[in-house]
1. For the range 37-45, in order, what is each residue's ³J(HN,Hα) by Karplus, 6.51 cos²θ - 1.76 cosθ + 1.60 with θ = phi - 60°, in whole Hz (x at glycine and Pro)?
2. For the range 36-82, just say rounded, prolate or oblate: build the C-alpha gyration tensor, square-root its eigenvalues into a ≥ b ≥ c, call rounded for a/c under 1.5, and beyond that prolate if a/b exceeds b/c, oblate if not.
3. What FRET efficiency comes out for residue 14 versus residue 127 if R0 is 41 angstrom and r is the Cβ-Cβ distance? Round to the nearest 0.05.
4. Under 5 Å between amide H atoms, partner at least 5 residues away or on a different chain: which partners does residue 173 have, H built in plane at 1.01 Å?
5. Going 7 Å from the Cα of residue 97 toward and past its Cβ, which residues in the range 26-51 have a backbone nitrogen under 17 Å from where you end up?
6. Please tell me the relative contact order of the range 34-182 in percent, rounded to the nearest whole number, where contacts are Cα pairs under 8 Å and at least six residues apart.
7. Take peptides 67-73, 159-165, 95-101 and line them up by average Cβ neighbours within 10 Å, highest first, as a rough protection proxy.
8. Name the shape class, rounded, prolate or oblate, that the alpha-carbon gyration tensor gives for the range 79-139, where a ≥ b ≥ c are the square roots of its eigenvalues, rounded holds for a/c under 1.5, and otherwise prolate holds if a/b is larger than b/c and oblate otherwise.
Amino acid sequence: MSDASNPEPATGQWFTSLEGTRWWFDSGSLALDFAYTGPLGGPDAAADSPRETLRSPDDLTSWLATRLPSAAAGDRDLADALTLRGAIGRLALAASAGATADSRDVDLLNLYAATPDIPPRLPGGALQAGRTDPRAAQALSTIARDAVALFSGTTPGTIRECDADDCGLVYLDTSRAGNRRWCSMQRCGNRHKVRAHRARATRSEQSTTR
């Protein structure tokens with residue numbers, strides 16, 4: 001949730017490829033951004049994966065700080081985060097493939113969404129209601145509620161998989177025409193343009209040598 005002094009967090013985050021190239025991936029959803037703090041669809045805890053970014057409570061605290069600022073996370077928060085993330089990732093893959101969601105993941109998501117989230121707050125009052133900083137568990141509940149809206153269709157857009165054969169990243173297409181094809185124009189969109197250009201150049205060269 002957000003208030004006038006703390007606008008809704010923007011989506012998207014920087015990724016680094018195995019080759020060391022840094023690029024921006026906007027999933028279009030807070031919940032999907034969170035799902036991509038590790039390998040989507042992989043084990044809930046994937047410490048041996050190069051895509052894993054939540055290796056400690058401090059990592060979780062840092063990730064939340066730019067989106068849902070909250071008190072420092074603890075070991076239990078990290079365990080809950082990894083469990084929630086796994087459920088969101090599997091639900092995202094099922095949605096992008098048009099498959100039926102696993103009821104166990106639905107139950108997990110609903111469980112986290114049912115806990116207290118970060119409530120909206122109107123600035124300008126004389127009294128401070130509740131804690132100065134929300135707990136990390138409240139931030140996770142906010143993410144879970146965002147995921148519920150995403151997978152229930154309340155959030156406008158369509159969950160898609162990148163068109164590139166060698167990609168597979170999942171995102172929420174919120175484009176006006178509903179025709180987003182790539183996870184990122186910096187990455188797969190640009191690679192498609194380069195390949196298409198090479199193919200045209202090859203065909204042109206072949207036609208002139210006949």
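The values are calculated or read from the model by the stated rules, or taken from the named source; none is laboratory data. What you see is a predicted model, and the numbers here were worked out from it, not measured in a lab. Note that each Cβ is placed from the backbone with ideal geometry, even for glycine, and that neighbours are counted across all protein chains shown. When the accessible area is computed, the model is the full protein with side chains, heavy atoms only, and any ligands, DNA or RNA have been set aside. Shrake-Rupley method; radii C 1.70, N 1.55, O 1.52, S 1.80 Å.
1. 7, x, x, 5, x, x, x, 4, 10
2. In terms of gyration-tensor shape, prolate.
3. For R0 = 41 Å, the calculated efficiency reads 0.55.
4. Here the answer is 158, 159, 160, since their amide H atoms fall under 5 Å of that of residue 173.
5. Residues 39-44 fall inside that zone.
6. 21 percent
7. Going from most to least packed, we get 67-73, 159-165, 95-101.
8. prolate
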